[in-house]
Amino acid sequence: MQHVQQLVLDIGNSVAKVGIFNQQDLIQEQTFVHEGNLISFLHTISFSHAIYSTVRANNEAWIDALDGKGNVFQLTSSLPVPIQNKYATPHTLGMDRLAAVCGAKQMFPADACLVIDAGTCITYDYISSEGIYYGGGISPGLLMRLKAMHQFTAKLPVVEFNPAAELVGDSTITCMQSGVSNGTLAEIDGIIERYKEKFGEMKVILCGGDTQFFEKQLKGAIFAVQNMVLRGLNSILQHNVGQF
């Protein structure tokens, strides 16, 4: 059985992401679609410290695979974090959002940061240079926008996302694809500018499943960090057990 220093788990609705860290260094990362594969993997390792964040029920079998192997934390709104959380309803805050801003602060400790997580939804989260997290915004992601147009209208079809959509569509399908891709890009560029107008210069960090599309299209300097949530979870773990 392999022994690791820090084990980090980000359990989403459809996939589970696992990171193995040595202090701040991410030395291994894996993604699991099937819970059985995740459980099999967890049976092959032990750890000194672990942390997990999950959107699922806490009676899942993969949690049992962590028992007795090391010090385990679950990220909840009551777990201490290395930032000051000014979110008005911390119990409703998605733990992935909280972890992402913690990761951003660890990467850029002296800078204000805007973290944009482009996944099922697009979330915007702002943390000041002093390490104060204020909140941000949530809007529909790319696929959600396409699905919504079909579900809430009588005639618009089911359409796949086209990353190369032209600005001017010449059919219903290409118009929908243009509206989603170009409209979302304009939204994100505009939101970034509005944050800079309000708060001044900041690091803009992009993460999430649609990072590859957006990082090539957005204006200005963007730091693309696909594993930001894992890094943030690890920073929270370090905060709770010390700089081992």
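The values are calculated or read from the model by the stated rules, or taken from the named source; none is laboratory data. Just so it is clear, the structure is predicted and the values come from calculations on it, not from any experiment. So basically every Cβ, Gly included, is an ideal-geometry build from the backbone, and we count neighbours across all protein chains shown.
Among the residues of region 120-153 satisfying the criterion of being outside any helix (DSSP H, G or I) and hydrophobic (A, V, I, L, M, F, W, C), which is farthest from V204 (Cα to Cα)? Only one residue fits best here, namely F152.
The listed residues are L146, L142, and the only one of them that is in contact (Cβ under 8 Å) with a residue 24 or more places away in the chain, touching an Asp or Glu at 6+ places or on another chain (Cβ under 8 Å), more than 30 Å from E197 (Cα to Cα) and assigned by TED's automatic domain parsing to the domain that holds V204 turns out to be L146. Take S77 and tell me if it is more than 14 Å from A16 (Cβ to Cβ) and either hydrophobic (A, V, I, L, M, F, W, C) or not in a strand (DSSP E or B) (or both). Yes.
Here region 193-241 is the region considered, the condition is being small (G, A, S) and within 20 Å of L98 (Cβ to Cβ), and the residue that is nearest to the chain's Cα centre (by Cα) is G208. Could you list, in sequence order, the residues of region 102-119 that are under 25 Å from P163 (Cβ atoms) and without any contact (Cβ under 8 Å) to a residue 60 or more places away in the chain? None - no residue of region 102-119 is under 25 Å from P163 (Cβ atoms) and without any contact (Cβ under 8 Å) to a residue 60 or more places away in the chain, so the list stays empty.
Cβ-Cβ distance below 7 Å, separation of 6 or more or different chains: which pairs start in region 158-181 with a residue that is assigned by TED's automatic domain parsing to the domain that holds Q217 and part of a helix (DSSP H, G or I) and end on one that is charged (D, E, K, R) and surrounded by 15 or more Cβ atoms within 10 Å (Cβ to Cβ)? Sorted first by the residue in region 158-181, then by its partner, the pairs are V180/R145.
Within region 181-226, being of a type in the set (G, A, S) and touching a Gly at 6+ places or on another chain (Cβ under 7 Å) holds for G208, G209. Looking across region 117-140 at every residue that is hydrophobic (A, V, I, L, M, F, W, C) and touching a Phe, Trp or Tyr at 6+ places or on another chain (Cβ under 6 Å), the one that is modelled with the lowest pLDDT is identified as A118. For region 45-59, a residue qualifies if it is hydrophobic (A, V, I, L, M, F, W, C), at pLDDT 90 or above and over 18 Å from N240 (Cα atoms), and exactly one does: I45.
If I go through region 120-133 residue by residue, how many of them are surrounded by fewer than 18 Cβ atoms within 10 Å (Cβ to Cβ) and under 17 Å from the mean Cα position of the chain (by Cα)? Result for region 120-133: 2.
Applying the set (1) modelled with pLDDT of 95 or more; (2) outside any strand (DSSP E or B); (3) in contact with a helix residue (DSSP H, G or I) (Cβ under 6 Å, 6 or more places away or on another chain) to W62 leaves exactly one unmet item: (1). Restricting attention to region 206-237, the residues that are at pLDDT 95 or above, in a helix (DSSP H, G or I) and in contact with a Phe, Trp or Tyr (Cβ under 9 Å, 6 or more places away or on another chain) add up to 6. Residues of region 80-118 that are more than 13 Å from Y134 (Cβ to Cβ) and in a strand (DSSP E or B): I116, D117, A118. Can you name every residue in region 189-205 that is part of a helix (DSSP H, G or I) and in contact with a Lys or Arg (Cβ under 7 Å, 6 or more places away or on another chain)? D189, the sole residue that qualifies.
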